[in-house]
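What follows is a single structure, written as structure tokens, with notes after it.
The values are calculated or read from the model by the stated rules, or taken from the named source; none is laboratory data. Since the structure is predicted, the reported quantities are computational estimates derived from the model, not experimental observations. All Cβ positions, even for glycine, are placed from backbone atoms using ideal geometry, and neighbour counts span all protein chains on display. For the accessible areas, the whole protein counts, side chains as well, though only heavy atoms, and no ligand, DNA or RNA atoms are used. Shrake-Rupley method; radii C 1.70, N 1.55, O 1.52, S 1.80 Å.
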Amino acid sequence: MESKSESNGTAVTEFILLGLVESTGLQPAIFVIFFFAYLLTVGGNLSILAAVLVEPKLHTPMYFFLGNLSMLDVGCISVTVPSMLGRLLTHKRSVPYGACLTQLFFFHLLAGVDCFLLTAMAYDRFLAICRPLTYSTRMNHTVQRILVATSWACAFSNALTHTVAISTLNFCGPSVINHFYCDLPQLFQLSCSSTQLNELLLFGLGVLMAGAPVILIVTSYIHVAVAVLRIRSSEGRKKAFSTCGSHLTVVGIFYGTGVFSYMRLGSVEASDKDKGIGILNTVVSPMLNPLIYSLRNPDVQGALRRVLTGKRDMA
């Protein structure tokens, strides 16, 4: 561990990320698994984005948000996995202090945008099903862009606040992080100064960034469920629920893993459970999203076929 001397003691200039496994025998297998998971995630999400861009049928608000979500998923996995793969290749586990905080900033930025974008998608379904007559005016191109821009602005403010707050803490050793990327709970455990204010900040902003969106999503879908149950046609009910089912599945995975990631702030030592939850949050969720959104959606399936085969719809 490199360090520099300061008046208040010894300050850490780099952290040691232990990664997923410490056994060198397992590292090649981990590299192969996560390398292909990364390729699959990036390929799947970029295919969804390409389908949304080139297929006229998908030029609707719901798919505009889905295209943005696909870009976010590529970003989320790119913040954590490539650097982990690089460390596995070079067998170098040290990460500079600045690089660790940069990773933390972008991770919280992209995750924050995800929170608000999933809320915007729920609002879109609410308007489409519960307010169909005014849907086109309430969810026009300007409104869509405002919702996305607001999501980025709020997430940027949240990520910057946490990054600045963590930079005020003193790290004087040890510098070993039992994880494969830098995040707040693990850094709190290494700080030799009080993290009480940081933890209060994480809780307070967490309520705003996650609690408020969850309330809005649940409220939207309660109204959607009531409206769908009033539809007399079973085919109509099935179609309405199918457009919402994919979104609800993604919401459940995203918020479920997110909540568990930050529930253990008071624990003394990070465990392999944290790594497992981290994998679900940063790898599995972005990898499953293209599959979830295309599995029961013939429009997306058709568009993906045309994108992958290079054939355009002649109709």
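Quick test for you: out of S261, S246, S267, pick the one residue that is within 18 Å of F126 (Cβ to Cβ) and either modelled with pLDDT under 85 or open to solvent by less than 30 Å² (accessible area, probe 1.4 Å) (or both).
On inspection, the qualifying residue turns out to be S246.
Residue check, T161 against (1) within 17 Å of L216 (Cα to Cα); (2) open to solvent by 30 Å² or more (accessible area, probe 1.4 Å); (3) in contact (Cβ under 8 Å) with a residue 12 or more places away in the chain, all met but one. Which one?
Among (1) within 17 Å of L216 (Cα to Cα); (2) open to solvent by 30 Å² or more (accessible area, probe 1.4 Å); (3) in contact (Cβ under 8 Å) with a residue 12 or more places away in the chain, T161 violates only (1).
Please return the ranges of helices (runs of 4 or more DSSP H) entirely within segment 176-253 where 3 or more residues are free of Cβ contacts under 8 Å to residues at least 12 places away in the same chain, on the phi < 0 side of the Ramachandran plot and not hydroxyl-bearing (S, T, Y).
Here the list reads 196-206, 212-229.
Considering only residues of segment 80-99 that are closer than 21 Å to T13 by Cβ, polar (S, T, N, Q) and assigned to a helix (DSSP H, G or I), which is modelled with the lowest pLDDT?
Among those residues, the one meeting the criterion is T90.
Restricting attention to segment 199-213, and to residues there that are surrounded by fewer than 17 Cβ atoms within 10 Å (Cβ to Cβ) and among the hydrophobic types (A, V, I, L, M, F, W, C), which single residue is farthest from Y255 (Cα to Cα)?
So the residue we want is L200.
Anything in segment 44-79 that is modelled with pLDDT under 90 and outside any helix (DSSP H, G or I)? List them, or say none.
Residue satisfying the conditions is E55 alone.
Which residues, counting only those in segment 90-110, are farther than 14 Å from I16 by Cβ and touching a helix residue (DSSP H, G or I) at 6+ places or on another chain (Cβ under 7 Å)?
L101, Q103, L104, F105, F106, F107, H108, L109, L110
Among what's in segment 270-305 and is charged (D, E, K, R) and open to solvent by less than 60 Å² (accessible area, probe 1.4 Å), pick the residue that is modelled with the highest pLDDT.
Per the criteria, the residue is K275.
Which one of these does L190 not meet: (1) in contact with a helix residue (DSSP H, G or I) (Cβ under 9 Å, 6 or more places away or on another chain); (2) crowded, with 17+ Cβ neighbours inside 10 Å?
(1)
Just checking, how many residues over segment 14-51 are within 19 Å of L291 (Cβ to Cβ), of a type in the set (V, I, T) and open to solvent by 50 Å² or more (accessible area, probe 1.4 Å)?
Residues meeting the conditions: 1.
In segment 161-175, which residue that is touching a helix residue (DSSP H, G or I) at 6+ places or on another chain (Cβ under 7 Å) and either among the β-branched types (V, I, T) or part of a helix (DSSP H, G or I) (or both) is farthest from C100 (Cα to Cα)?
Across segment 161-175, the extreme among qualifying residues is T161.
At negative phi and surrounded by fewer than 17 Cβ atoms within 10 Å (Cβ to Cβ): does that describe S151?
The answer is no for S151.
In segment 214-243, which residues are over 28 Å from I277 (Cα atoms) and crowded, with 18+ Cβ neighbours inside 10 Å?
V224, V228, A240
Name the residues in segment 122-141 that are outside any helix (DSSP H, G or I) and open to solvent by less than 80 Å² (accessible area, probe 1.4 Å), would you?
M139, N140
Quick check on V54: is it of a type outside the set (D, E, K, R), surrounded by fewer than 17 Cβ atoms within 10 Å (Cβ to Cβ) and more than 29 Å from H223 (Cα to Cα)?
Yes, satisfied.
Regarding P96, is this residue in contact with a strand residue (DSSP E or B) (Cβ under 6 Å, 6 or more places away or on another chain) and surrounded by fewer than 21 Cβ atoms within 10 Å (Cβ to Cβ)?
So P96 passes the test.
Which numbered condition in (1) open to solvent by 60 Å² or more (accessible area, probe 1.4 Å); (2) within 15 Å of the chain's Cα centre (by Cα) is the only one that T90 fails?
Checking T90 against (1) open to solvent by 60 Å² or more (accessible area, probe 1.4 Å); (2) within 15 Å of the chain's Cα centre (by Cα), the one that fails is (2).
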